[in-house]
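S.K.: Quick one: the structure is below, questions incoming.
Bear in mind these aren't lab numbers, they're just calculated from the coordinates by the rules spelled out. Since the model is a prediction, treat every value here as computed from it, not as a measurement. Heads up, the Cβs are rebuilt from the backbone with ideal geometry, glycines too, and the neighbour counts pull from every protein chain shown.
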Amino acid sequence: MRSMNTLTRADLAEAMNRKLGLSRSDSLTMVESILDLMSDALADGENVKISGFGTFLLRDKNERVGRNPKTGIEVPITPRRVLTFRASQMLKDRVAG
């Protein structure tokens, strides 16, 4: 069952169940395993590339000065690591229509 405008873990497992004939529990276990591997790699500082889909990239941002838009007071923004996603050209073409 597809949720409104959101693809969930359960949806992925259901698709694997239908298309590959895996049991529901095996499908869900496989989805969880894949997501765990991706999460662990990102937590270890590795980028994750899925050919034909896109790349999850980690970027380290330096400390910088920001400004409170209401008061105009300058506020330091601490250094941090951010996760970004860059879609592959194949995915961009498919989404664009």
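S.K.: Within the stretch 22-79, how many residues turn out to be part of a helix (DSSP H, G or I) and loosely packed, with under 10 Cβ neighbours inside 10 Å?
M.R.: Here is the first cut: in the stretch 22-79, the ones part of a helix (DSSP H, G or I) are 24-43.
Applying the additional criterion that residues be loosely packed, with under 10 Cβ neighbours inside 10 Å yields 43.
So the answer is 1.
S.K.: Identify the residue in the stretch 80-97 that is basic (Lys, Arg) and in contact with a Leu (Cβ under 9 Å, 6 or more places away or on another chain) and, among all such residues, is nearest to Asp44 (Cα to Cα). Even if it seems obvious, please write down each step before you answer.
M.R.: Narrowing the stretch 80-97 to residues basic (Lys, Arg): 80-81, 86, 92, 94.
Going one step further and asking which of them are in contact with a Leu (Cβ under 9 Å, 6 or more places away or on another chain), we end up with 81, 86.
Values: Arg81: 12, Arg86: 19 Å.
Taking the candidates together, the pick is Arg81.
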